[in-house]
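The next block holds one structure in the form of structure tokens; read it before the comments.
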There are 2 protein chains.
Amino acid sequence: MIDSPNSAVGIDDIAAAFPKLFISTTGEFARARGIEPAKLARGIGVEKMAVPDAHEDAATLAAASTLELMEKNDLRPAEVGKIYIGTESGVDEAKAIGTYVIGMLERVYGPGTFSECSTVEFKAACIGATHALESVACWLKAGDDGGGEDADGPGRRRGRVGIVVATDVARYELGSPGEYTQGAGSVALLIKRNPRILALDPVMGVYTRDENDFFRPVGMRCAVVNGKYSNQCYLAAMDGAFSSFQRRALSRGMIRIGEGGCLSDHLRQIIFHIPYPRMAEYAAASFFRREWRPLPRWQEVEEEIGAEPAAEEVGGEEGAKESADYQRRFSKSAKFLEAYERKVKPSTLISSAVGNIYTGSIYLGLASLLAQDLLTPGARIGLGSYGSGCSAAFFSGVVGEGVRSLARDRILKRLEDRVEIGLKDYQLLHDGTRQESVIPPAGEFALLRIGGDGYRHYDLVG
Amino acid sequence: MIDSPNSAVGIDDIAAAFPKLFISTTGEFARARGIEPAKLARGIGVEKMAVPDAHEDAATLAAASTLELMEKNDLRPAEVGKIYIGTESGVDEAKAIGTYVIGMLERVYGPGTFSECSTVEFKAACIGATHALESVACWLKAGDDGGGEDADGPGRRRGRVGIVVATDVARYELGSPGEYTQGAGSVALLIKRNPRILALDPVMGVYTRDENDFFRPVGMRCAVVNGKYSNQCYLAAMDGAFSSFQRRALSRGMIRIGEGGCLSDHLRQIIFHIPYPRMAEYAAASFFRREWRPLPRWQEVEEEIGAEPAAEEVGGEEGAKESADYQRRFSKSAKFLEAYERKVKPSTLISSAVGNIYTGSIYLGLASLLAQDLLTPGARIGLGSYGSGCSAAFFSGVVGEGVRSLARDRILKRLEDRVEIGLKDYQLLHDGTRQESVIPPAGEFALLRIGGDGYRHYDLVG
């Protein structure tokens, strides 16, 4: 029963789709690139990178995750008011990827079944799906979803639901430093009232500035990345978004911080954007260092690793180096590691087996927590989303009671069933020169061919 | 004063930016293409097509319209919570066009001034900006805009505002049938509570289906268009969206239709998507024919142009031909022409001097009504947005009292001040082979150069 249009809205369920193929970063791949496998595993944190087969792209992955979400929730197409898709792997410059996705879904549900569902493609590097999530949540909160139409008995009304899909293929030049962080996959989120997984708080902190840390000029298959600079932009933007979030959350009285406490004390888990697991660790170190520095508990840190250099006073290159050195020490401190292992690391589980899925990666983080039974009803968690170019958003939600009813093993099981490919097939698929699928599509959505006019022909292959 | 987060939200002001250059469709251009100028003027309805200069693209146009909107409303950057941009002329596959736009705006307002403004790029062919408008409106209605923070005196709260920008460059192959419908421009909409121009009704009818009527494969500069089929998709989708709108509006009790009446009787004006003015006329004919057919007033039509053939009964090709013939007769009937001239045609004024600006064209329609003083406070107007690929949305709003306070002559004046170019310059600019601007940028945002890595360097040129 819905009392008001402003009742809790958020993420009710999650489904994900990944390519069936993967390449290990630690074997033949590492040797071919002349990299110590252990360095890759530790330095990046990705052990297996998902590789799309010849018939897979961002549209087929999106359709697959959406179909799974609908099937496991017995959703009828008419109940779905929006399928909003975040991606930076669009397959056309004008046609929304969601129209292709709806075309594929209608192969299952029948022609015209999604005619009253609207779709649009959200592009903002890795933060696109977070904006889509905010849009769909606001649509439900505003009560514009047409929920008043189908009276479902006196005093009740059934609203429609929205689906947010994150779908991406992360592709960098062969041999480039970004290559070790590739991946592909799609996450579909069911957004509704009284959600089981996460009721979103009405506060989002944001930070935006114009940067060239990572981009992909029109028509290029691979991204242009200044990796080190992009990490700096990520940390600065996340810091800005968190400050914005904190100010708003405190101003609204949503969270009250006691003497000696800090906001993250009120967040059971924090999911940072995960281009690769190690980056989430960097983000966590930057985050906790800044939060704890003014607090009594900072003494514990300084007792273990020494006093923090007054970087701002030293200034210049030397100050920056001292600060970075201290950051490294901080990231090995017992105090930090305890907080990281407990609050942040569990969210990186699936990413370490899939690689970067760009805008969906923080939602894979949520799926990782679900899979490990770490979402405790009533607990508040924080999410920090980052998109190059650049912008960040920090938001939070409270885990729903209904989370207990959700099945947990689906995603991990599927990842175990994948097939490993060798370097040669990987490189052919990467370049787009392998036309035949490694595993011919069966019982799934597939890109069948690209017409002479460039139109993409998809179908459900039996 | 804001009583509740659900109070009226909508379009408070409009600003537009166009290239300074145009080419007449009726002179040298028509001769070179071997077309009767009068046929172009009547058949398409575009007399002048805006042509972007070498330093202009969708990002510079978006920044220009946004800056004008901010300046004429004395907006401070901190008041702007969102700049959501609809476009199918994105300048990067990953980086959101809005980050470039914010970079340009910060040349005026100072570095970091937009740091708490979020931006995302909405891609859905010509309907992208309409989805952006819905998103920003729902964000305000949901009360998630952080408006509670800066108390502005007892009992008052000042919310932030959102800006929706539509920006596009419509480009077709030289010599193709689409070439006569090109254009370029940007419209920026100020979205806030208690808006002066249009308070949006809480109902939107939508229609979506997977089509290949118009698309632009990744990396192609020009769209692939099946013009005739796209027109059919437009009409079918608009019909679907209007049915959806009507059902919801009646169910909510938003509009009540009396005996012998129809919904459009309650719409003072109707703005259809305007790829070219004649298409809006086709849309209107299809729309009124379907609405009036079951009503007593249909007798008047039949008295003038004869009884409508029972197309569905005749069936097949013959039925379709008969129906199309009757449509042509209907579109010349006094009853239709009176309704079209009064309710629809005025919205096409600016488009006839600019050409197709894709997703902004229905908002140029709104600007056209404003410029002609046809927005009457208290009157409800309807808007039908269409995006190829394909989807349509039909929605409505009520003109605000504040509309009287808005200046009306800015856009028309600016269009008069443009410079006509010849066929040769037009073709060089179209191909992207002319590197030097025809009119060097002065006092405006400009694309200065594209770096070797493909990054686009913009600046405010003094």
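Computed from the coordinates by the stated procedures, all read-outs in this text should not be read as laboratory data. These figures come from a predicted structure and were not determined experimentally. Cβ: placed from backbone, ideal geometry, glycine included. Neighbour counts: every protein chain shown.
Would you mind getting the Kirkwood hydrodynamic radius of segment A:302-417 from its Cα pairs, rounded to one decimal in Å? Taking every pair of different Cα atoms in segment A:302-417, averaging 1/r and inverting gives 17.0 Å.
When the scattering of segment A:9-461 is computed by the Debye formula from its Cα atoms alone, each counted once and equally, what is log10 I(q)/I(0) at q = 0.11 Å⁻¹? With no solvent term, the Cα-only Debye profile gives -0.86. Cβ crowding within 10 Å ranks A:430, A:273 as A:430, A:273, fewest other Cβ atoms first.
Taking the Cβ of residue B:264 as the centre, find all other residues whose Cβ is under 9 Å away and add up their charges (Lys, Arg: +1; Asp, Glu: -1). For residues surrounding residue B:264, the net value is -1. Each other residue within a Cβ distance under 9 Å of residue B:72 adds +1 if Lys or Arg and -1 if Asp or Glu, for a net charge of -3. Each copy carries residue B:459; placing its label point 7 Å along the C-beta direction from Cα gives inter-copy distances of 5.5 nm, listed from smallest up.
Roughly how many Å is it from the Cα centre of segment A:334-356 to that of segment B:285-308, as a whole number? Answer, in whole Å: 67.
Summing Lys, Arg as +1 and Asp, Glu as -1, what charge do residues with Cβ under 12 Å from the Cβ of residue A:396 carry, residue A:396 excluded? Provide the component values of the computation, followed by the final result.
Values: positive: A:248, A:252, A:268, A:380; negative: A:201.
With Lys, Arg at +1 and Asp, Glu at -1, the net is +3.
Working note: Debye formula, equal point scatterers on the alpha-carbon atoms of the protein assembly as shown, no solvent; log10 I(q)/I(0) at q = 0.05, 0.06, 0.09 Å⁻¹ is -0.28, -0.40, -0.91. Once you reduce segment A:42-63 and segment A:201-264 to the center of their Cα atoms, the two points are 25 Å from each other. Just counting partner chain Cβ atoms within 10 Å, what average do the residues of peptide B:235-243 show around their Cβ? Whole-number average of other-chain Cβ neighbours for B:235-243 is 1. A DSSP coil position with no more than 16 other Cβ atoms inside 10 Å describes the following trypsin sites (Lys or Arg not before Pro) in segment A:311-375: A:332.
Over what distance in Å are the Cα centres of segment A:104-141 and segment B:418-462 separated? That distance is 36 Å. Among DSSP beta bridges whose residues both lie in segment B:9-461, state the antiparallel percentage, nearest 5. So the antiparallel bridges in segment B:9-461 amount to around 75 percent.
Which whole number in µm²/s is D for segment B:252-317 by Stokes-Einstein, with the Kirkwood Rh taken over Cα pairs at 10 °C and 1.306 mPa s?
Values: Rh = 14.1 Å.
D = 113 µm²/s.
For the rotational copies B and A, the chain B residue with its Cβ nearest the relating axis, together with that separation in Å, is B:219, 1.
Considering only B:66, B:34, B:80, and ranking their Cα positions along the charge dipole of segment B:25-126 that arises from unit charges at the beta-carbon of Lys, Arg, Asp and Glu, the one farthest toward the positive end is B:34. Calculated on C-alpha atoms, the gyration radius of segment A:353-462 divided by its Kirkwood radius gives an Rg/Rh of 1.06. The order of the peptides B:88-99, A:214-225 by mean Cβ neighbours within 10 Å, most packed first, is B:88-99, A:214-225. Other protein chain C-beta atoms within 10 Å of residue C-beta, averaged over B:98-108: 4. When you filter the chymotrypsin sites (Phe, Trp or Tyr not before Pro) in segment A:1-101 for DSSP loop state and at most 15 other Cβ atoms inside 10 Å of their Cβ, nothing is left. Look at the stretch A:212-225: the mean tally of other chain Cβ atoms within 10 Å of its residues' Cβ atoms is 6.
Below 8 Å, C-alpha to C-alpha, sequence gap of six or more: please give me the relative contact order for segment A:297-398 in percent. Before the final figure, lay out each step's value.
Working: 77 pairs, mean separation 16.3, N = 102.
RCO, segment A:297-398: 16 percent.
Based on Cα contacts under 8 Å between residues 6+ apart, segment B:19-65 shows a relative contact order of 48 percent.
State, as an integer percentage, the relative contact order of chain A based on alpha-carbon contacts under 8 Å between residues 6 or more apart. Rounded, it is 24 percent for chain A. The label-point distance for residue B:304 and residue A:325, in a model that sets each label 7 Å from Cα toward Cβ, rounds to 8.8 nm. Among the GluC sites (Glu not before Pro) in segment B:254-317, those placed in a DSSP loop whose Cβ has at most 14 other Cβ atoms within 10 Å are B:259. Of all DSSP bridge pairs formed entirely within the protein assembly as shown, close to 75 percent run antiparallel.
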